[in-house]
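As structure tokens, the structure follows; a few thoughts come after it.
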Amino acid sequence: MITTGKKLIIALLMVLFSLVLMRFNSWFGVGVVVGLVLAILYTIDYATELRTIENANKLQHFLLVLLTVPQILFGIGIIAIGASIVLWVLYNNFVARQSEYTGGFLTFGMAPIFIVFGIGLLISALKKRDRKSNES
């Protein structure tokens with residue numbers, strides 16, 4: 001079984017090699033997109049694994065800090081996207097309707113989910129894990 005750290009390295013190498021191979025064929029751009037998505041997900045998983053280590057050495061602590069920063073930025077970005085969609089819908093319904101706006105309150109769409117997911121990412125990045133409950 002491959003550990004999460006190895007999966008993260010494989011995803012990052014996939015992005016790197018796909019970027020190089022795009023010189024020969026543009027279809028390798030699919031590898032860049034897939035690798036970036038997997039790298040984001042494995043970064044979050046690997047940071048969660050590092051938080052559960054009881055006596056982390058200096059390298060593991062450095063990696064935890066290094067991987068927590070992108071998770072926090074990603075969470076803030078998702079919250080900003082969701083909030084901007086909510087504000088756009090509220091502005092167009094209550095202040096001034098723009099010509100580009102064609103919907104009503106149903107145009108909130110995924111915005112509340114973005115906000116909740118972003119808050120969840122921030123909470124999981126900043127919260128210390130209970131190490132005793134993970135051992136059982």
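Coordinate-derived values only; no laboratory data. What you see is a predicted model, and the numbers here were worked out from it, not measured in a lab. For neighbour counting, all protein chains shown are included, and Cβ atoms are generated from backbone atoms with ideal geometry for every residue, glycine included.
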Worksheet item: If we keep just the residues of segment 1-49 that are surrounded by fewer than 16 Cβ atoms within 10 Å (Cβ to Cβ) and among the small types (Gly, Ala, Ser), which is nearest to residue 124 (Cα to Cα)?
Response: 5
Practice prompt. Go through segment 50-60 residue by residue and tally those that are buried (at least 17 other Cβ atoms within 10 Å of the Cβ) and of a type outside the set (D, E, K, R).
Written response: 1
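Those residues that are among the hydrophobic types (A, V, I, L, M, F, W, C) and within 13 Å of the chain's Cα centre (by Cα), I need them from segment 55-79; list them, please. If you could, list the steps in order and put the result at the bottom.
Within segment 55-79, the subset among the hydrophobic types (A, V, I, L, M, F, W, C) is 56, 59, 62-67, 69, 72-74, 76, 78-79.
Scanning segment 55-79 gives 67, 69, 72, 73, 74, 76, 78, 79.
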